[in-house]
1. Before we move on, is N51 modelled with pLDDT of 95 or more, among the polar types (S, T, N, Q) and either touching a strand residue (DSSP E or B) at 6+ places or on another chain (Cβ under 7 Å) or within 16 Å of ligand 1 (Cβ to nearest atom) (or both)?
2. Could you please give the count of residues in segment 227-241 that are assigned to a helix (DSSP H, G or I) and touching a strand residue (DSSP E or B) at 6+ places or on another chain (Cβ under 9 Å)?
3. Taking the criterion of being out of contact with any strand residue (DSSP E or B) (no Cβ under 9 Å at 6 or more places or on another chain), of a type in the set (D, E), assigned by TED's automatic domain parsing to the domain that holds H54 and within 16 Å of ligand 1 (Cβ to nearest atom), would at least one residue in segment 99-120 satisfy it?
4. Tell me, please, whether a residue that is away from ligand 2 (no atom under 16 Å from the Cβ), touching an Asp or Glu at 6+ places or on another chain (Cβ under 6 Å) and closer than 30 Å to E338 by Cα can be found in segment 104-122.
5. Does at least one position in segment 281-288 carry a residue that is in contact with an Asp or Glu (Cβ under 7 Å, 6 or more places away or on another chain) and of a type in the set (A, V, I, L, M)?
6. H280 - would you say it is part of a strand (DSSP E or B), without any contact (Cβ under 8 Å) to a residue 24 or more places away in the chain and more than 15 Å from the chain's Cα centre (by Cα)?
7. Of the numbered conditions (1) farther than 18 Å from D234 by Cα; (2) at pLDDT below 95, V266 satisfies every one except a single condition; which is it?
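The values are calculated or read from the model by the stated rules, or taken from the named source; none is laboratory data. The structure displayed is predicted, hence computed values, not measured ones. Here Cβ is always computed from backbone atoms with ideal geometry, including for glycine, and neighbour counts include all displayed protein chains.
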Amino acid sequence: MKTVAITGTRKCELRNVPEPNVQGEFVKVKILSAPMCTEYKAYQNDGSSTNLGHEAAGEVAEIATSNLLEVGDRVVVMPTYACGRCGLCIRGDYIHCRNNVNALAFCGSETGTATYAQYCIKPDWLCLPVPDDISIDHAAMACCGLGPAFNAMVRMNVDAFDTVLVTGLGPVGLGAVVNAVVRGARVIAVESHPFRTNLALEIGAEAVLDPRDADVLDHVRDLTKGLGVDKAVDCAGVAASQRLVVDAVKRRGDVAFVAESGDLNVHISNDMIRKGITLHGIWHWNLADTPLMWDTVRRAAPLLDKQITHTFPMSRVKEAWDLQLTGECGKIILHPWE
Ligand SMILES: [Zn+2]
Ligand SMILES: [Zn+2]
């Protein structure tokens, strides 16, 4: 099968590698849609790798002993190789599992953990069947395109009475705008890139503020009768945006941190106790919310067609990465069989 390898700074190639093997509950998935995430950082910084990507949707191509899935089933592939047996896994919070399985050792396979590839392997219970009325590219948005922000909305109970602040409009932040708009919320976003600013406005954000503006917090307050937003999601992951979501949320509001990053200084009395705010650490969504995710994907369909700005055959991955480096894109999807 074909897979993508990064071979140096801004250098990559397609390689032929053996197809993966499966054992036990693991299934082999023929990847038809592989959304691109943050792998461009390795492409930009000589992170030589042949194990790229963690987002995929496709068709079950081979099973070992699974009785949950059949060959030909359309599925979206969830991230990680969680154990499936611990308390976190059993309650659907597999993303926080502490006992991840070594999939390659278990299956006796050299390949199968990358999604910039024609096949991958996954335990059957982490391959969620895709409803017939949802396209495979839209289904793949249940990964990082919509997923982390979806969980932020669920955990904060975002609804049509809320004003939501979204900082950082990369693919995950644009997904936060989509999720909030689908729930009927009013969205204020913060982003400096003109392409992404325009895209968020097209998707339905009411205002997009520039983080380089020294008065950005005042602008948020002006837009919320001086109170601050009901809920905020940080998708930028920089010190200024993290501080902004804490400062811009109203008293008794909720803040979700979706973007990976390091330290944040929070003043326990002024930020937490006096304001009574709740901070949420968000990674990916709970499996019990699968029906709600599919309803979100259905309602979001016209917005997803805006959020997915480009699709490329996997053979043109270099072009796709070079485009990601310009920021002139929303979510980009690779098609490994084109
Ligand atoms: Zn587990
Ligand atoms: Zn991702």
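1. Numbers: modelled with pLDDT of 95 or more: yes; among the polar types (S, T, N, Q): yes; either touching a strand residue (DSSP E or B) at 6+ places or on another chain (Cβ under 7 Å) or within 16 Å of ligand 1 (Cβ to nearest atom) (or both): no.
Judged against the criteria, N51 is not a match.
2. Going residue by residue through segment 227-241, those that are assigned to a helix (DSSP H, G or I) are 239-241.
Among the residues that remain, those that are also touching a strand residue (DSSP E or B) at 6+ places or on another chain (Cβ under 9 Å) are: 240-241.
Residues in segment 227-241 being assigned to a helix (DSSP H, G or I) and touching a strand residue (DSSP E or B) at 6+ places or on another chain (Cβ under 9 Å): 2 in total.
3. Looking for residues that are out of contact with any strand residue (DSSP E or B) (no Cβ under 9 Å at 6 or more places or on another chain), of a type in the set (D, E), assigned by TED's automatic domain parsing to the domain that holds H54 and within 16 Å of ligand 1 (Cβ to nearest atom), one finds none in segment 99-120, hence no.
4. Step one: list which residues in segment 104-122 are away from ligand 2 (no atom under 16 Å from the Cβ), which gives 104-112, 118-119, 121.
From what's left, touching an Asp or Glu at 6+ places or on another chain (Cβ under 6 Å): 119.
Keeping just the survivors that are closer than 30 Å to E338 by Cα gives 119.
Yes: segment 104-122 contains one or more residues that are away from ligand 2 (no atom under 16 Å from the Cβ), touching an Asp or Glu at 6+ places or on another chain (Cβ under 6 Å) and closer than 30 Å to E338 by Cα.
5. Step one: filter segment 281-288 for residues in contact with an Asp or Glu (Cβ under 7 Å, 6 or more places away or on another chain), giving 286.
Narrowing further to those that are of a type in the set (A, V, I, L, M): none.
The answer is no, given that none of the residues of segment 281-288 is in contact with an Asp or Glu (Cβ under 7 Å, 6 or more places away or on another chain) and of a type in the set (A, V, I, L, M).
6. Details: part of a strand (DSSP E or B): yes; without any contact (Cβ under 8 Å) to a residue 24 or more places away in the chain: no; more than 15 Å from the chain's Cα centre (by Cα): yes.
So H280 does not fit the description; no.
7. Evaluating V266 over (1) farther than 18 Å from D234 by Cα; (2) at pLDDT below 95 leaves (1) as the failure.
Conditions (1) over 19 Å from the mean Cα position of the chain (by Cα); (2) in contact (Cβ under 8 Å) with a residue 40 or more places away in the chain; (3) assigned to a helix (DSSP H, G or I), marked per residue:
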| position | (1), (2), (3) |
| --- | --- |
| R252 | yes, no, no |
| E260 | no, no, no |
| L264 | yes, no, no |
| D295 | no, no, yes |
| P302 | no, no, yes |
| L325 | no, yes, yes |
| I333 | no, yes, no |
